[in-house]
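This report refers to the structure that appears directly beneath it.
The values are calculated or read from the model by the stated rules, or taken from the named source; none is laboratory data. Bear in mind the structure is a predicted one, so any value in this text is a computation, not a measurement. All Cβ positions, glycine included, derive from the backbone under ideal geometry; neighbour counts span all protein chains shown. Accessible surface is based on the protein model in full, side chains and every heavy atom, while ligands, DNA and RNA are left aside. Shrake-Rupley method; radii C 1.70, N 1.55, O 1.52, S 1.80 Å.
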There are 4 protein chains.
Amino acid sequence: MIKVGIIGATGYAGAELVRLITTHPQAEIVAISSVSFEGQKISDVYRSYVNINDMICENADDVVEKAEVIFAALPHGLSQELAKKCYDNDKVFIDLGADFRLKSEEEYKEWYKGEYVHKELHDMAVYGLPEFYRDKIKGAKIIANPGCYTTCSPLALVPALNAGVIDTKGIICDCKSGVTGAGRSLSQGNHYPELNEGFHPYKVACHRHTPEIEQTLTSFADEKVTITFVPHLLPVNRGILATCYAPLKKDITMEELRKIYQDFYKGEYFIRLLDDGQVADIHNVKYSNFCDISLHLDKRANLLVAVAAIDNMVKGAAGQAIQNMNIIFGLDEKTGLEIVPPAF
Amino acid sequence: MIKVGIIGATGYAGAELVRLITTHPQAEIVAISSVSFEGQKISDVYRSYVNINDMICENADDVVEKAEVIFAALPHGLSQELAKKCYDNDKVFIDLGADFRLKSEEEYKEWYKGEYVHKELHDMAVYGLPEFYRDKIKGAKIIANPGCYTTCSPLALVPALNAGVIDTKGIICDCKSGVTGAGRSLSQGNHYPELNEGFHPYKVACHRHTPEIEQTLTSFADEKVTITFVPHLLPVNRGILATCYAPLKKDITMEELRKIYQDFYKGEYFIRLLDDGQVADIHNVKYSNFCDISLHLDKRANLLVAVAAIDNMVKGAAGQAIQNMNIIFGLDEKTGLEIVPPAF
Amino acid sequence: MIKVGIIGATGYAGAELVRLITTHPQAEIVAISSVSFEGQKISDVYRSYVNINDMICENADDVVEKAEVIFAALPHGLSQELAKKCYDNDKVFIDLGADFRLKSEEEYKEWYKGEYVHKELHDMAVYGLPEFYRDKIKGAKIIANPGCYTTCSPLALVPALNAGVIDTKGIICDCKSGVTGAGRSLSQGNHYPELNEGFHPYKVACHRHTPEIEQTLTSFADEKVTITFVPHLLPVNRGILATCYAPLKKDITMEELRKIYQDFYKGEYFIRLLDDGQVADIHNVKYSNFCDISLHLDKRANLLVAVAAIDNMVKGAAGQAIQNMNIIFGLDEKTGLEIVPPAF
Amino acid sequence: MIKVGIIGATGYAGAELVRLITTHPQAEIVAISSVSFEGQKISDVYRSYVNINDMICENADDVVEKAEVIFAALPHGLSQELAKKCYDNDKVFIDLGADFRLKSEEEYKEWYKGEYVHKELHDMAVYGLPEFYRDKIKGAKIIANPGCYTTCSPLALVPALNAGVIDTKGIICDCKSGVTGAGRSLSQGNHYPELNEGFHPYKVACHRHTPEIEQTLTSFADEKVTITFVPHLLPVNRGILATCYAPLKKDITMEELRKIYQDFYKGEYFIRLLDDGQVADIHNVKYSNFCDISLHLDKRANLLVAVAAIDNMVKGAAGQAIQNMNIIFGLDEKTGLEIVPPAF
């Protein structure tokens, strides 16, 4: 059994890790920590877990000591020292925060107003999107686990970009996220009566996930990709839907397009390429690690519309982190993640 | 008092007309009709109306005879003969369906598979979007009341298009609608457990509202405008949010852009241009005839992002129809529509 | 025009007063106050009100000075001094808080841990449930406006109690409230992801509204009425449904029971007694001042099941407060409150 | 591996069986059937299941032939002949419908207007509520799997009844169910816009689950128990909360009461007796087979308030059916059902 530690276990991503690892057949949680709830049971914070996981939140040091793989689900800026500590102690560190995601320190400074403290760790950190970078993940000691939007949009666009059928400019990612994406912290905007029956964009064309999405897309293109990224807040708990628009470089039929995606995602268990006429729907992936993709062509405007749906807390956070762990530890990638999304 | 008749009163748009006209100080409902519920009380169909409006549904002929203005909320194809009858009897006809919206019979044939029976009526029909075509509406006998998506997207884009600051190609309207937009007819997709906590696009780049939006946009441009229009279904009752993307033809500051919109919508009570930093939200317009617009510039991609929010059943259907009636009958346009959107 | 002041205008009850009085034809808001948002516009707090009401929040003293009727929507304990000040300045004071609701200072001490500072004001305060105490309300200077649960449950039970057909013991009020009832203050329990798709009781058999409901019921009985009151939190914005169970003292037919309710509520515009076979539903009263009541007999258990539905923010707070104002100022009770509940 | 067949696989209970058995480590689905979708893939009906279970719906006969245990999720009246067929072919038959639940044919006739065709099968059928009747279930060939309300309410009340601390008369079960309880069939009442933001009771004191609840309660009492049962429809997908009121026969402390429940449910994995001060919430059990119970005493009215929450589709249907299968086949009762309820 892999000995797992979770730092930041009482945040939403941390709590989802607790849920998923509890039923993982080859991993067990040996320690969890929480700054806000140190000394309290996780099941006092999330009563869903009563009798199932009643572990007491310790501090981060205890977790690093007891575990062989450490998941950290922390606000950005807090992971760098932790990564150092894990690395020095020869532990695998999987960071669900943003600290190791951007290769360019320039961009990190611009978008996060922070600095890279241990540059060598950033150099060795691997961006943990298995469908794209599986080979590098295998031997990694530090994983930068992608964010939710930054998993969903590239999964929709990369095959087309990689095949050279879409432009590298003029791409638009119109994304819609469930509320858990905003985390557990209270805010007026997520107070039930003010969010319920509402819907709005936020951080229009200035969200921090922009450079991260561009970094992934660019790695599959022959020039820098720029996108317009607009996130919206959906009045549902879970799910992200990315509706991605990309100008086509040349005429292409749906059959050709489908072939490109089929080939690219061949053998990928977690990618479900939907049949023509179907549309990706967050309803069909919730609580699971699947990414559903539907493809559409706007012949009138010569545009690709690629739509992807994931559960933001699973494929967009905790599930993908476990997928990375499975790869690193040589397990079947699906282990603990063969979840059937409920039909309702 | 204006004598109002409603044909198709038991559909959602019809029921909303009933709600709004009931409190209109200068109009009264004299007759309503429904094919499905003829002979039954409207309050048996919508129990919200018990004791407030217990009128019995008659047939369409009764309505035409008794009223001086007839609202029709019918599936497309059924309004042409009604319009003829109203016109011959010198009644004002306000059509909430699609039959009179497209000026081009070609496009109607292509998108609706129907024909124009009385071409002279189509020639005289006025597209009832008051903020754009108020002068023509004044003397109209037949109003083609716009659909929900076709109100929201043009309101977001027309000032920029009219000022020549955005391209006529490459415009994308990513729209999200509440469920009432799909009407009262039962379908598996709108069955509560299968829609709740879900979100998906539909009719991607092939929805019938496409040519209608283009027609309105083109009327403010010097060449044919083509758009990509993708609607999505939101798990809320009411509201449409249109996130519209348009390539900028030249550099423009937010101040200049705002000035263009302010000037264009000067004096328009139902348009609320939000301050910088605010975002349009369907929460803030529900049950009202307002359209909230927020403007955003993506400097990195040289793109305008214009976001508009309306209540699809009010400004997107019944409220706008009443606004048209007010104009035709020489009333203050706001009469009966000065509704405060509830804060929660 | 009646000059209205609202103290605590940025809480939910205050904001709802703003919404309703804005369209009241014979009252106008002359001043509003808020401790948390003094100096800011109400429309900065509730963006639904932009361009409609952009008044700036002042302090309570300003409000008392400028208005002739003062509504206070404050946490309990804060209204007594305000009431004194209003009374001394010959203003009408309508308190949406709990300070003046209980006639017995004993009970107030027990349930609210507070004291009656100005006992004479408590003596003259009138409990503002118009359907029961209209005559006393007419000349009142201080109104204790009932809470939401305490309006809904008595409206369901009083006619039967008054007619002597049910017991005064063994009554159970199983109530379910929308989230706005918990107010605007943030809490983990009302954070969207933790409330959505959930449902639970709270303060089981120990909620402060218990003695208030009993006080009203007892005023229509020949002995002290005791109830078991269990509130639940519904994942909807608005509405209270009270399912009230009361042992029948004798056999009674549905016709006899209906007759009792019809006679009791004769001429009451805001009470809608539903037909046999219908059930009260919060869907049908939302945004309005109506109370829908459905009656059911359990012959097997010899029990009355009376179900009432109101909008907790209207008939359960702001709407009823305006109804009281209308009575005091000699207006038609319905003025400003003839709202058609939306059908969806 | 146990060979499982599911008849009525495309209804909600059937679809939930598909979901749960797919991840059951010691059972596999060998055939499914559906009258409405014969010849189609289950994953065409429920797109959540794409690539996971793409089995084609056959007819009932095929299912009976191929499987060793047959689950039937059918409207009442259709299971009797199926049971006969299974019995004659020495298969285990687990009926999620109502045909075998009532021991008294009298009551079945009264509430279901049907007849018992094979009386001997009714005699041998075992009511499948494992926490109460585990021993009988062990050797059963025909299981009458309880309905959702009929699982939840007895789990809340039986320990107190069994201990003789509550009356057998005057018990009230005020229950609230998520919408999946009404099944997949379309109805106006479950059309999204008409249910959303609504809440209402239905079949007040005349629901068919009444005699079934009474039958279970009576089996733990020394006389016939009568209850008043009022179900309500919650605007959520899943979950049932039963708020049960029972007059206390004598004074009892919370400690004594808790002891009774602890002893009764000792070792029961699926029962979670909550700590004092906690309340049962459907949020905390969804997607799982747990039943959360919270206990409350109303000292003023000398009443027990016992609240139980389950997922109506799992412990209230498919999960419990699998629990029964596990018992019959000698597996650990938890097999395939150790699901962690998601925290959000």
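Take every residue in peptide A:14-21, count the Cβ atoms of other chains within 10 Å of its Cβ, and give the average of those counts.
That works out to 2 on average.
Rounded to the nearest 500, what is the 222 nm mean residue ellipticity of chain A from helices alone, with -39500 (n - 2.57) per DSSP H run of 4+ residues and division by all residues?
-8500 deg cm²/dmol
With respect to the axis carrying C onto A, what is the closest chain C residue by Cβ position, and how many angstrom separate it from the axis?
Per the C/A rotation axis, the closest residue of C reads C:L186, 2.
With every protein chain left in place and a probe of 1.4 Å, what is the accessible surface of B:V92, to the nearest 10 Å²?
Surface accessible to solvent at B:V92 totals approximately 10 Å².
Based on the Cβ-Cβ distance from B:D263 to C:V35, what FRET efficiency comes out when R0 is 45 Å, to the nearest 0.05? Write down the numbers at each step before the final one.
Numbers: r = 40 Å, r/R0 = 0.88.
About 0.70, to the nearest 0.05.
Which lysines, if any, have their Cα less than 16 Å from the Cα of D:K136, not counting same-chain residues under 8 positions apart?
Reachable lysines: D:K103.
Can you sort D:D62, D:D276, A:D251 by solvent-accessible area, 1.4 Å probe, largest first?
Most to least solvent-accessible, the answer reads A:D251, D:D276, D:D62.
Full extension from A:Q188 to A:E106: what is 0.36 nm times the residue separation minus their Cα-Cα distance, to one decimal in nm?
26.2 nm is the gain from fully extending A:Q188 to A:E106.
Using a label point 7 Å beyond Cα on the Cα-Cβ vector, give me the inter-copy distances for B:K85 in nanometres, one decimal, shortest first.
Copy-to-copy label distances for B:K85: 5.3, 6.4, 8.0 nm.
Sorting A:D167, A:D99 by accessible area (1.4 Å probe), largest first, what list results?
A:D167, A:D99
Once the piece of chain linking B:D276 and B:K136 is laid out straight, how much longer is it, given 0.36 nm per residue of separation minus the C-alpha distance between them?
Length gained, B:D276 through B:K136: 47.1 nm.
May I ask which of C:K84/C:K286; B:K85/C:K334; B:K203/D:K176; C:K66/C:K315; B:K41/C:K299; D:K259/D:K315 have a Cα-Cα span longer than 28 Å here?
C:K84/C:K286; B:K85/C:K334; B:K203/D:K176; B:K41/C:K299
Which residues, if any, in region C:220-241 have at least 10 Å² less accessible area in the whole protein complex than in the isolated chain, probe 1.4 Å?
Buried by the other chains: C:T226, C:I227, C:T228, C:V230, C:H232, C:L234, C:P235, C:V236, C:N237, C:R238, C:L241.
Quote the FRET efficiency, to the nearest 0.05, computed for D:K113 versus C:E256 with a Förster distance R0 of 41 Å and r equal to the Cβ-Cβ distance.
0.90
Extending each Cα 7 Å along its Cβ direction at C:D332 and B:K203, get the distance between those two points in nm, one decimal.
4.3
Please identify the trypsin sites (Lys or Arg not before Pro) of region D:260-330 that satisfy two criteria: DSSP loop assignment and at most 10 other Cβ atoms within 10 Å. Which are they?
Those satisfying the criteria are D:K266.
Using a 1.4 Å probe, what is the accessible area per residue for region C:55-126, in Å²?
Heavy-atom accessible area per residue stands at 46 Å².
Going by Cα centres, region D:70-84 and region A:187-209 are how many Å apart?
After rounding, the separation between the Cα centres reads 48 Å.
Tell me the label-point distance for the pair B:K299, C:D54, using the 7 Å Cα-to-Cβ offset, in nm and rounded to one decimal.
So the two model labels end up 2.7 nm from each other.
Region A:80-155: which trypsin sites (Lys or Arg not before Pro) are DSSP loop and have at most 12 other beta-carbon atoms within 10 angstrom?
A:K113
Peptide C:45-56: average number of partner chain Cβ atoms within 10 Å per residue? Write out the running numbers ahead of the final one.
On the way: counts 2, 8, 15, 14, 5, 9, 7, 8, 1, 0, 0, 0.
Mean number of neighbouring Cβ atoms from other chains: 6.
Specify the inter-centroid distance of region B:313-329 and region A:214-231, based on alpha-carbon positions, in whole Å.
Taking the Cα centre of region A:214-231 as reference, the centre of region B:313-329 is 44 Å away.
Just to be sure I understand: with springs between alpha-carbon atoms less than 10 Å apart, which residue in A:F132, A:F329, A:F270 has the highest mean-square fluctuation in the Gaussian network model of chain A?
Looking only at A:F132, A:F329, A:F270, the largest GNM fluctuation is found for A:F329.
Is there a simple number for the mean count of other chain Cβ atoms within 10 Å of the Cβ of residues in A:202-215, and what is it? Numbers along the way, then the final one.
Values: counts 2, 2, 9, 10, 4, 0, 0, 0, 2, 1, 0, 0, 1, 0.
The shielding value for this peptide is 2.
From the label point of A:D61, set 7 Å from Cα along Cα→Cβ, how far away are the matching label points in the other copies, in nm, ordered shortest to longest?
With the label placed 7 Å along Cα→Cβ, A:D61 yields 5.5, 7.4, 9.1 nm.
Under a straight-distance cross-link criterion of Cα-Cα below 14 Å, which aspartates and glutamates are reachable from D:K169, leaving out those fewer than 8 residues away in the same chain?
Of all the aspartates and glutamates, those that pass the test against D:K169 - Cα under 14 Å, at least 8 places apart if same chain - are C:D298, D:E214, D:D222, D:E223.
What is the sum of charges around A:R101, taking Lys and Arg as +1, Asp and Glu as -1, for the other residues whose C-beta is under 11 Å from the C-beta of A:R101? Before the final figure, lay out each step's value.
Numbers: positive: A:K103, A:R208; negative: A:D95, A:D99, A:E107, A:E212.
Summing Lys and Arg as +1 and Asp and Glu as -1 gives -2.
Distances from C:K119 to the same position in the other copies: list them in nm, one decimal, shortest first, using label points 7 Å from Cα along Cα→Cβ.
C:K119 label point versus its equivalents elsewhere: 7.6, 8.0, 9.2 nm.
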